[in-house]
Structures are given as C-alpha cells and as structure tokens.
1. I'd like the residue in region 2-49 that is outside any helix (DSSP H, G or I) and either of a type outside the set (Asp, Glu) or surrounded by 14 or more Cβ atoms within 10 Å (Cβ to Cβ) (or both) and, out of all such residues, is nearest to the chain's Cα centre (by Cα).
2. Here is a check on your reading of the model: is Ala68 over 17 Å from Gln120 (Cβ atoms), modelled with pLDDT under 95 and in a helix (DSSP H, G or I)?
3. Would you mind stating whether Val43 is out of contact with any Asp or Glu (no Cβ under 9 Å at 6 or more places or on another chain) and under 19 Å from Trp128 (Cα atoms)?
4. What are the pairs, 6+ residues apart or on separate chains, where a residue within region 1-30 that is without any contact (Cβ under 8 Å) to a residue 12 or more places away in the chain has its Cβ under 7 Å from a residue that is surrounded by 14 or more Cβ atoms within 10 Å (Cβ to Cβ) and among the aliphatic types (A, V, I, L, M)?
5. Under 6 Å by Cβ, and 6 or more places apart or on different chains, what pairs join a residue from region 40-55 that is at negative phi with one that is open to solvent by less than 90 Å² (accessible area, probe 1.4 Å) and not aliphatic (A, V, I, L, M)?
6. How many residues are in contact (Cβ under 8 Å) with a residue 24 or more places away in the chain and part of a loop (DSSP other than H, G, I, E, B) if we restrict to region 124-146?
7. Tell me the residue from Ala154, Ala111 that is open to solvent by less than 60 Å² (accessible area, probe 1.4 Å), modelled with pLDDT of 90 or more and either acidic (Asp, Glu) or assigned to a helix (DSSP H, G or I) (or both), please.
Amino acid sequence: MSTDDAFDAAYREHYWAVSRFVARRLDDQAWEVEEVVAEVFAVAWRRRAELPESPLPWLYGVARHCLANTVRGKGRYRRLLAKLGHHEVTRGGRTVASPDAERPGSWVLEALSRLAEADQEVLRLTAWEELTVEELAVVLGCGRSAAAMRLHRARRRLREQIETPRRDDRVSLGCTSGKGDMADWADRAGKAHKDGHA
C-alpha cells in the first residue's frame, strides 16, 4: 500500500474518531472543531510516510499538539477581550449557573478538573478513547512502562480528589459509612484496562 493509500484509509476509517476526540476537549462552536480536525489531517498528509500500521493513536498524538496550539491562541484572544471588556464572551463569563443546572456525573468532571492537565488527559485517553496502555504510550510519545506509571498515578490522584469531599461530607453529616459511589468510580474506570494493560 502506498503512503497516499495509507493516508486515504486512515482518513476514511478514523475521521469521526478524531472529530470526537477534538470535540470532547474543545467545548465550543462546531467550526472550531472542524478547523482543528482539518489541521490534524493536514499534518497527517504532510507526514503520511510516518503513518503507523494502526494510525489512530498516532493521530490522537497529532490532535493533542493541534489542540494545544488552538488553546494557546484562544487564551490570547480571551485576554484581549478581557482588556476590551465589551464582548459577549467576557460578559458570558460572569453568568452563574442555577443550582439545578448540574449535569449527571458532573461530580466526576469536577474532581477531574482539580487534577493537573497531564493527569486529566491520561484519564480521558483511557476512559473516553478507550486506549490500552500501549496505545496511550504512542499518544504520549513515551514508553509503555512510563505510560502505565502515569496512568496509575493519575487514577490514584483522581481517587484522592473524589474521596476528599466524601470524607468531609461524612464528617458534616455525622456518617461513618465506608466507600461511596464516587470512590468506587475510580476503581470501575480503570477495570477495562487493568488486567494485562496497567
């Protein structure tokens, strides 16, 4: 198979997976997602000679770099808007959600948001993209052992973040029960990859 054919196959097979990957991390307008995905495949086309036999983890790695560039650009844009102070984005930042606006599972996302960005991404790659440790290593550009260690540490830190409010809740409510559903989530989140992968 020629490099052009390999690219065509990767594009057809993995376009929507890459789109979902980007959309999950870029909670914004559809055109921005499309721009990043287009950039991912433009890079893949230029580097089509480097496409591995299983290209999806490699494409995720390219997408992470494209997203980093986009986030840096958006940061500069938002800082400019904040200086101007007359844009709907800056006004929207002052909106407070109502108490009943909490989405199902938001406690997991809230605990996840307290982790370092590197830990968040490792957990998203294994939970959202369902990558094995070997595939995780490709995306992160490191060895399997390093990827497994990073995943183990990220899961441990997430569990700590989940457990901390639970302990506070039990004290405030006068409860002394064991692990709650939140604590169990950290265990369940990793079971799909635990045996033989972590």
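The values are calculated or read from the model by the stated rules, or taken from the named source; none is laboratory data. Because the structure is a prediction, the values reported are computed rather than measured. So basically every Cβ, Gly included, is an ideal-geometry build from the backbone, and we count neighbours across all protein chains shown. Keep in mind that these areas ignore ligands, DNA and RNA; they rest on the heavy atoms of the full protein, side chains included. Shrake-Rupley method; radii C 1.70, N 1.55, O 1.52, S 1.80 Å.
1. The initial filter retains those residues of region 2-49 that are outside any helix (DSSP H, G or I), namely 2, 26-29, 47.
Now drop any that are not either of a type outside the set (Asp, Glu) or surrounded by 14 or more Cβ atoms within 10 Å (Cβ to Cβ) (or both), which leaves 2, 26, 29, 47.
Details: Ser2: 32, Leu26: 9, Gln29: 18, Arg47: 24 Å.
Looking at the filtered set, the residue picked out is Leu26.
2. Numbers: over 17 Å from Gln120 (Cβ atoms): no; modelled with pLDDT under 95: yes; in a helix (DSSP H, G or I): yes.
It is false that Ala68 is over 17 Å from Gln120 (Cβ atoms), modelled with pLDDT under 95 and in a helix (DSSP H, G or I).
3. Working: out of contact with any Asp or Glu (no Cβ under 9 Å at 6 or more places or on another chain): yes; under 19 Å from Trp128 (Cα atoms): no.
No.
4. Matching pairs, first to second residue: Ala23/Val33.
5. Cβ pairs passing all conditions: Val40/Cys66; Trp45/Phe7; Arg48/Thr3; Arg48/Phe7; Ala49/Thr3; Pro52/Trp58.
6. Of the residues in region 124-146, 6 are in contact (Cβ under 8 Å) with a residue 24 or more places away in the chain and part of a loop (DSSP other than H, G, I, E, B).
7. Values: Ala111 fails: modelled with pLDDT of 90 or more.
That would be Ala154, the only listed residue that is open to solvent by less than 60 Å² (accessible area, probe 1.4 Å), modelled with pLDDT of 90 or more and either acidic (Asp, Glu) or assigned to a helix (DSSP H, G or I) (or both).
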